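Have a look at the structure that comes next, please.
The values are calculated or read from the model by the stated rules, or taken from the named source; none is laboratory data. Predicted, not measured: the structure shown is a model, and the values here were computed from it. Ideal geometry is used to build each Cβ from the backbone, glycine not excepted, and the neighbour counts take in all protein chains shown.
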Amino acid sequence: MGEAASILDRLNEPPKLEPPTYRRVVARVCEAVRQRDTSRLIIRDGRDWGNTAPLELAWIRDYVDLWTAAGWGRAMWNFIGSMGVIDSDRAGVDYENWHGHKLDRQMLTLVQGRKGT
């Protein structure tokens, strides 16, 4: 991203939406933006006023790759809970025990900037 680049966050902390509805709205917004500007960086916030992160690993991988390419740092907003790598309750995860908590190793590997699965 160059100096004149801008970021578009069209759904800043959207209200309580079901995942399929949220994905459909985000897809339509992204499609409309791409028709006008194919290189615009688009930010996708969490659902439920930003309290429920989109925890698909592809989403996390995309952000890490974009931030790394731009030379930006990164951090987790929450370490524990629905937006973190500990006790996230993300579906389909083979959690490992970490001091009595459920560690999502795949997510941790991604946010550390390593190419995980």
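Could you figure out which of (1) in a loop (DSSP other than H, G, I, E, B); (2) in contact (Cβ under 8 Å) with a residue 12 or more places away in the chain isn't true of G73?
Evaluating G73 over (1) in a loop (DSSP other than H, G, I, E, B); (2) in contact (Cβ under 8 Å) with a residue 12 or more places away in the chain leaves (2) as the failure.
Right, something else. For region 21-35, which residues satisfy the criterion of being of a type in the set (V, I, T) and more than 19 Å from D48 (Cα to Cα)?
Going through region 21-35, the residues of a type in the set (V, I, T) turn out to be 21, 25-26, 29, 33.
Residue satisfying the conditions is V33 alone.
Check whether at least one residue in region 45-57 is exposed (fewer than 12 other Cβ atoms within 10 Å of the Cβ), of a type in the set (S, T, N, Q) and modelled with pLDDT under 75, and report yes or no.
Filtering region 45-57 for residues exposed (fewer than 12 other Cβ atoms within 10 Å of the Cβ) gives none.
No, because not a single residue in region 45-57 is exposed (fewer than 12 other Cβ atoms within 10 Å of the Cβ), of a type in the set (S, T, N, Q) and modelled with pLDDT under 75.
Among the residues in region 94-107, are any under 13 Å from the mean Cα position of the chain (by Cα) and at pLDDT 85 or above? Working first, answer last.
Filtering region 94-107 for residues under 13 Å from the mean Cα position of the chain (by Cα) gives 107.
Right, trim to at pLDDT 85 or above and you get 107.
Yes, there is a match, as at least one residue in region 94-107 is under 13 Å from the mean Cα position of the chain (by Cα) and at pLDDT 85 or above.
Filter region 76-87 down to the residues that are loosely packed, with under 14 Cβ neighbours inside 10 Å and outside any loop (DSSP other than H, G, I, E, B) and list them by number.
Once the filter is applied, which keeps residues that are loosely packed, with under 14 Cβ neighbours inside 10 Å and outside any loop (DSSP other than H, G, I, E, B), region 76-87 yields only I80.
If you don't mind, there's one more thing I want to ask. Considering only region 77-87, I want to know if a residue exists there that is among the hydrophobic types (A, V, I, L, M, F, W, C) and under 16 Å from R44 (Cα atoms).
First, the residues of region 77-87 that are among the hydrophobic types (A, V, I, L, M, F, W, C): 77, 79-80, 83, 85-86.
If we keep only those that are under 16 Å from R44 (Cα atoms) too, we end up with 77, 83.
Yes, region 77-87 contains at least one residue that is among the hydrophobic types (A, V, I, L, M, F, W, C) and under 16 Å from R44 (Cα atoms).
Here's a follow-up. Between S39, S88, which is closer than 17 Å to L110 by Cβ and of a type in the set (S, T, N, Q)? Quick ask: steps written out before the conclusion?
Numbers: S39 fails: closer than 17 Å to L110 by Cβ.
The conditions single out S88.
Go through V85, V111, V64 for me and flag whichever is of a type outside the set (S, T, Y) and touching an Asp or Glu at 6+ places or on another chain (Cβ under 9 Å). First the steps, then the outcome.
Numbers: V111 fails: touching an Asp or Glu at 6+ places or on another chain (Cβ under 9 Å); V64 fails: touching an Asp or Glu at 6+ places or on another chain (Cβ under 9 Å).
Step by step, each of V85, V111, V64 is checked, and only V85 is of a type outside the set (S, T, Y) and touching an Asp or Glu at 6+ places or on another chain (Cβ under 9 Å).
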